[in-house]
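Below are the structure tokens for one structure; questions will follow.
The values are calculated or read from the model by the stated rules, or taken from the named source; none is laboratory data. Computed from a predicted structure; not experimentally measured. Every residue, glycine among them, receives a Cβ derived from its backbone with ideal geometry; neighbour counts consider all protein chains shown.
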Amino acid sequence: MKKNIWRLGKIGLLLLVLLGILWFPGDRQVYAASAKSSYKRAITYYKKKQYTKANKVFRRLPKNISDAKAGKRTAQMKKAYRRVLNAYSKDMFGSKDYIWGYYLTDINKDNKPELLVKFGTCEADARLRIYTYKNGKAKRVKTIYCSHSGFYAYPVGNGVIMHQAHMGYETVSLITMVNGKVRTKSLGSRETSNYTSFPYSLNAHVRSYSGGKVRLNYSPL
């Protein structure tokens with residue numbers, strides 16, 4: 001009887017220790033490191049065309065990512081980026097480039113977010129325009145065609161993921177920025193009806209859409 005009580009006491013103590021580990025902030029860093037390791041493994045699987053394994057790992061990771069992870073935004077940066085967004089048309093039938101939404105993500109991991117603007121008249125000519133903040137101004141860096149695309153944070157290094165999926169075909173690209181220059185590298189493409197479930201989806205900040213008009217959520221800026 002005493003032995004059983006002693007064993008139950010040890011089990012209870014072990015459970016308390018485990019709960020303490022989960023709640024300590026330092027151990028959240030361990031979890032973050034583990035998540036990055038899992039992400040790297042999934043990317044490796046994808047490159048090797050081991051899609052089932054990649055999807056299995058990706059599904060264990062968070063689907064969305066907070067704007068707080070995008071990096072620090074000064075008042076001057078916010079003002080510059082808002083000025084960029086206001087230059088686009090919110091009306092599909094307007095004379096200027098029609099904006100579909102915008103994303104904030106730290107592509108080159110310098111703790112300052114880049115501004116990514118998706119615009120176009122339809123999916124066929126959708127484009128992504130990338131801006132960075134430099135010398136007090138929003139500087140246009142590059143424009144990329146991005147029909148039928150979703151965008152995802154890349155937590156393990158320089159880059160942002162562009163996932164194009166349409167009519168049974170997907171293409172995955174890594175967009176990087178080095179010394180102010182943007183490059184796009186293919187991570188793979190395939191015919192499939194089971195598209196890859198990438199984690200860490202970026203928010204397009206579309207508050208509402210109706211009648212050919214879009215309303216944006218400017219709260220992150």
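Of the residues 176, 171, 196, which single one is modelled with pLDDT of 95 or more, surrounded by 14 or more Cβ atoms within 10 Å (Cβ to Cβ), in contact with a Lys or Arg (Cβ under 8 Å, 6 or more places away or on another chain) and in the same structural domain as residue 89 (by TED's automatic domain parsing)? Outline the logic, then answer.
Working: 171 fails: in contact with a Lys or Arg (Cβ under 8 Å, 6 or more places away or on another chain); 196 fails: in contact with a Lys or Arg (Cβ under 8 Å, 6 or more places away or on another chain).
After ruling out the rest, the residue left standing is 176.
Please count how many residues of the stretch 194-221 are out of contact with any Ser or Thr (no Cβ under 6 Å at 6 or more places or on another chain) and assigned to a strand (DSSP E or B).
Final tally of qualifying residues: 9.
List pairs: first residue in the stretch 64-77 and among the hydroxyl-bearing types (Ser, Thr, Tyr), second residue not in a helix (DSSP H, G or I) anywhere in the structure, Cβ distance under 9 angstrom, at least six positions apart or on different chains.
66/203; 74/112; 74/133
Something else about it: Could you grab me the full set of residues in the stretch 155-193 that are in contact (Cβ under 8 Å) with a residue 24 or more places away in the chain, under 20 Å from residue 51 (Cα atoms) and not in a strand (DSSP E or B)?
Selection gives 155, 156, 168, 192, 193.
Considering only residues that are touching a strand residue (DSSP E or B) at 6+ places or on another chain (Cβ under 9 Å) and either surrounded by 18 or more Cβ atoms within 10 Å (Cβ to Cβ) or outside any helix (DSSP H, G or I) (or both), which ones fall in the stretch 30-47? Spell out how you get there, then give the answer.
Of all residues in the stretch 30-47, those touching a strand residue (DSSP E or B) at 6+ places or on another chain (Cβ under 9 Å) come to 43, 46-47.
Once the filter is applied, which keeps residues that are touching a strand residue (DSSP E or B) at 6+ places or on another chain (Cβ under 9 Å) and either surrounded by 18 or more Cβ atoms within 10 Å (Cβ to Cβ) or outside any helix (DSSP H, G or I) (or both), the stretch 30-47 yields 43, 46.
Report whether or not residue 141 is under 19 Å from residue 179 (Cα atoms) and either modelled with pLDDT of 95 or more or aliphatic (A, V, I, L, M) (or both). Spell out how you get there, then give the answer.
On the way: under 19 Å from residue 179 (Cα atoms): yes; either modelled with pLDDT of 95 or more or aliphatic (A, V, I, L, M) (or both): yes.
The answer is yes for residue 141.
Now, a different point. Tell me which residues, restricted to the stretch 101-129, are under 22 Å from residue 170 (Cβ atoms) and surrounded by 15 or more Cβ atoms within 10 Å (Cβ to Cβ). Full working, then the answer.
Looking only at the stretch 101-129, we keep the residues that are under 22 Å from residue 170 (Cβ atoms), and these are 101, 103, 105, 107, 116, 118, 120, 122-128.
Passing the criteria: 101, 103, 105, 107, 116, 118, 120, 126, 127, 128.
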